[in-house]
1. Taking interchain pairs and intrachain pairs at least six residues apart, which have beta carbon atoms under 8 angstrom, with the first residue in the range 53-80 and under 16 Å from residue 158 (Cα atoms) and the second among the aliphatic types (A, V, I, L, M) and not in a helix (DSSP H, G or I)?
2. Assess whether residue 146 counts as being in a helix (DSSP H, G or I), out of contact with any Cys (no Cβ under 6 Å at 6 or more places or on another chain) and either modelled with pLDDT of 85 or more or of a type in the set (A, V, I, L, M, F, W, C) (or both).
3. Return only the number of the condition from (1) in contact with a helix residue (DSSP H, G or I) (Cβ under 9 Å, 6 or more places away or on another chain); (2) within 21 Å of residue 241 (Cα to Cα); (3) surrounded by fewer than 14 Cβ atoms within 10 Å (Cβ to Cβ) that residue 183 does not satisfy.
4. Is there a residue being outside any strand (DSSP E or B) and either surrounded by fewer than 18 Cβ atoms within 10 Å (Cβ to Cβ) or in contact (Cβ under 8 Å) with a residue 40 or more places away in the chain (or both) anywhere in the range 123-136?
5. Would you confirm whether any residue within the range 223-240 is polar (S, T, N, Q), touching a residue at least 40 places away in the same chain (Cβ under 8 Å), surrounded by 19 or more Cβ atoms within 10 Å (Cβ to Cβ) and outside any loop (DSSP other than H, G, I, E, B)?
6. Please give the number of the condition residue 75 fails out of (1) of a type outside the set (Val, Ile, Thr); (2) modelled with pLDDT of 60 or more; (3) touching a helix residue (DSSP H, G or I) at 6+ places or on another chain (Cβ under 6 Å).
7. In the range 63-72, which residues are surrounded by 13 or more Cβ atoms within 10 Å (Cβ to Cβ) and of a type outside the set (Asp, Glu)?
Amino acid sequence: MSILVPPLLRRLLRRRPADRDPPAHRGPEAARGLRSTARTPAHSAGQSRPERIERKAGRPELLISRPYLLDTLLDGLDALDVPRRLGVNVDDVDPLLADSDLVVGADGINSAVRGASFGGRSGPRQVGTVAWIGIAGFESGVYGETWGKGRFFGMTPVEPGRTNWYATVSEATTAEQLRDHFADWHDPIPRILHETDPSTWIRYEMRHLFPALPTFVHGGKVALVGDAAHAMTPNLGQGACTAILDAEALTRAVAEHTASDLPGALRAYDTERRRSAQRIAFGSRTLHRLMSTHRTGARDAVVRMLPG
């Protein structure tokens, strides 16, 4: 068995500051001070949502920066003695299929594995919104989302002394235009945009996988995980989470079946993960429509009827 690490993953890993230890934030501390012009049901019955999650799960909820998580996962491969080939783009999947017992397509929304094994019926679809993300070099003290007309802005804790931020607006194509769109919004939104270097921002056209795949597995030896299987809009913040759940479920299914019953293992994986992941993807896309609508009166009336 070998693992191919594409160039994109290597670039993400390089974004991690080399001289820092992986930080983590607990959920309840992160949730305090939530403000949002479009109210979200973050609190009810005297407990914040992270506190309810922690009580149900019996363990603390932690937030960790994605580059640190990627480094940790990649370092874990060292204990497995698995060959790795770094910086490899796979355009022709047939040699992998011929030489491998199992091919796992974890190659993102433009998955070559999906295209080779499942055809082109499902593929990346733009949703008509441009997303911007960045990290401010200070703690904003305010976390949550503010929804406006056709745009929204969010802030989350990422590590001590820094704040993760994200924004969407359909018509902004430059950093200055983005700043102009949020210039009259509440503090600290304008300050975050003016005090962070635009060269560190990431801008991308928001996409999702459409239509949903009828299965995540093919031919008894191919399985898709993560964005290759169910790329979604980022509105629920569940893309990386569902990818990790996919990987865990696939690993467990293979471990629980004999080597001769790999097709059975893949069927078990598909049964466990497909509907759940696609339900989250649909919910994220629906929330995106609600958040980015220009019909704010109807939206805010609906949100006011939500509990909490």
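The values are calculated or read from the model by the stated rules, or taken from the named source; none is laboratory data. Given the structure is predicted, the values throughout are model-derived calculations rather than measurements. Counting neighbours? That spans all protein chains shown, and the Cβs are built from the backbone with ideal geometry, glycine included.
1. Cβ pairs passing all conditions: 62/24; 63/24; 63/158; 64/24; 65/158.
2. Values: in a helix (DSSP H, G or I): no; out of contact with any Cys (no Cβ under 6 Å at 6 or more places or on another chain): yes; either modelled with pLDDT of 85 or more or of a type in the set (A, V, I, L, M, F, W, C) (or both): yes.
Considered against the rule, which asks whether it is in a helix (DSSP H, G or I), out of contact with any Cys (no Cβ under 6 Å at 6 or more places or on another chain) and either modelled with pLDDT of 85 or more or of a type in the set (A, V, I, L, M, F, W, C) (or both), residue 146 comes out as no.
3. Here residue 183 meets the rest and fails (2).
4. At the first step, the residues of the range 123-136 found to be outside any strand (DSSP E or B) are none.
No, the range 123-136 has no match at all.
5. Checked the range 223-240: at least one residue is polar (S, T, N, Q), touching a residue at least 40 places away in the same chain (Cβ under 8 Å), surrounded by 19 or more Cβ atoms within 10 Å (Cβ to Cβ) and outside any loop (DSSP other than H, G, I, E, B).
6. Only one criterion is unmet by residue 75, namely (3).
7. First, pick out the residues of the range 63-72 that are surrounded by 13 or more Cβ atoms within 10 Å (Cβ to Cβ): 63-71.
Answer for the range 63-72, where residues must be surrounded by 13 or more Cβ atoms within 10 Å (Cβ to Cβ) and of a type outside the set (Asp, Glu): 63, 64, 65, 66, 67, 68, 69, 70.
Residues are listed down the side, and each one gets a yes or a no for (1) within 28 Å of residue 207 (Cβ to Cβ); (2) free of Cβ contacts under 8 Å to residues at least 60 places away in the same chain; (3) of a type in the set (Val, Ile, Thr); (4) not in a loop (DSSP other than H, G, I, E, B):
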| position | (1), (2), (3), (4) |
| --- | --- |
| 247 | yes, no, no, yes |
| 251 | yes, yes, yes, yes |
| 262 | no, no, no, yes |
| 267 | no, yes, no, yes |
| 286 | yes, yes, yes, yes |
